[in-house]
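Everything below concerns the one structure shown next.
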């Protein structure tokens, strides 16, 4: 069997095993090749390269361990996220990344039935240390740095290379595309992981969970969404000439506005929403009122139906928190919102849905306007329509 075929066989076996479903998509990101000049294995965060002799000498279980190891470097975006640490101390940064990954790989298959850390002369050659359990790369780096300052520790030597130079060679656009591709691969993998292993199954450490559920600036994201959709035309500006009249040699200003028009906010008050989640929702509604001051808000509380409908305009929108009266507590069906809007003839410029995201396959069906899904509570679901942001 050639080394190329051996590597392909191992990758296919890993992708077919439910235990490793989380990493299916990441294994497909970038290019994979065998190179006679490479002593072990390496990744630049996108592509993987394996040394021919290295692949030949490894058992299939050991090669499977290495493949997942490289995929985790890619998933955690180690070679772009920790560039500054690498500039400070390359050796400790390499070690810190490996310690995080190898503990997780050991936990994925404790019995060594599918994967096994590479060995040399009967001894494992990868970096692993229980004291780093539950830590992310920066925390491990800080401890290794402390060890080095106290007793000159080197951090240890892993079994693979880290192509920092190759990572730095990626253009800014390539890095953005890679981040999007990795994010999509991880989210698809997370869904496959739950499907095969059950909801709440292990396999994801804190660093990965932080990536799948990034902390975002809610007001900044909301402002970007709403103002890009709800552009009024009550103010003229010469900063951009109105193209409609240029053909007639007439120069007119473009009509713009900083004000936001009519929006609908749908608040999930189903049985799965507790006091804490509802409190979060209401604080975000207040944020909307304070930050973008819409001319009109239709505030809908919904579960399996729209349980309450409150209307606000510029005269009373600032008092939305004090005057609102949430209703609901039943099932969960976002499509009740789209049906309600159609039945009442409500045609907003956009809809903002605040929910915990546990809606099954019901994401409201066909929306007549742009919709922003804001999901709280750690749920990694992404709506198949509109835009989704996850909020801690």
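No value in this document is a laboratory result; all are computed from the given coordinates. Being a predicted model, the structure only gives us computed values, none of them experimental. With ideal geometry, Cβ positions are generated from the backbone for all residues, glycine too; neighbour counts draw on all protein chains shown.
Each listed q (0.11, 0.15 Å⁻¹) maps to a log10 I(q)/I(0) for the stretch 268-392, found by the Debye formula over equal Cα scatterers with no solvent: -0.34, -0.66.
7 Å from Cα along Cα→Cβ at both residue 318 and residue 128: what's the point-to-point distance in nm? A separation of 6.2 nm, rounded to one decimal place. As an equivalent ellipsoid, the stretch 3-201 spans semi-axes of 24, 20, 19 angstrom, where each value is the square root of five times an eigenvalue of the C-alpha gyration tensor, largest first. Computed from the C-beta positions of residue 310 and residue 220, the FRET efficiency with R₀ = 30 Å rounds to 0.70.
Plugging the Kirkwood radius over Cα pairs into Stokes-Einstein for the stretch 53-148, at a temperature of 4 °C and a viscosity of 1.567 mPa s, what D comes out in µm²/s?
Answer from the Stokes-Einstein relation: 92 µm²/s.
For residue 283 and residue 177, what is the calculated FRET efficiency with R₀ set at 35 Å and r taken between the beta-carbons, to the nearest 0.05? In this case the efficiency is close to 0.50.
Each 10 Å bin, from zero up to the one with the longest distance, holds this percent of the alpha carbon pairs of the stretch 85-207: 11, 32, 37, 18, 2.
On the basis of the beta-carbon distance and an R0 of 25 Å, residue 87 and residue 161 show a calculated FRET efficiency of 0.90. Packing here is the average count of other Cβ atoms within 10 Å per residue, and on that basis the peptides 328-339, 86-97, highest first, run 86-97, 328-339. Rg(Cα) of the stretch 65-114 divided by 2.2 N^0.38 Å? Rounded to two decimals, the normalised Rg is 1.24. Across the stretch 318-392, the volume of the C-alpha convex hull divided among the residues equals 129 Å³ per residue.
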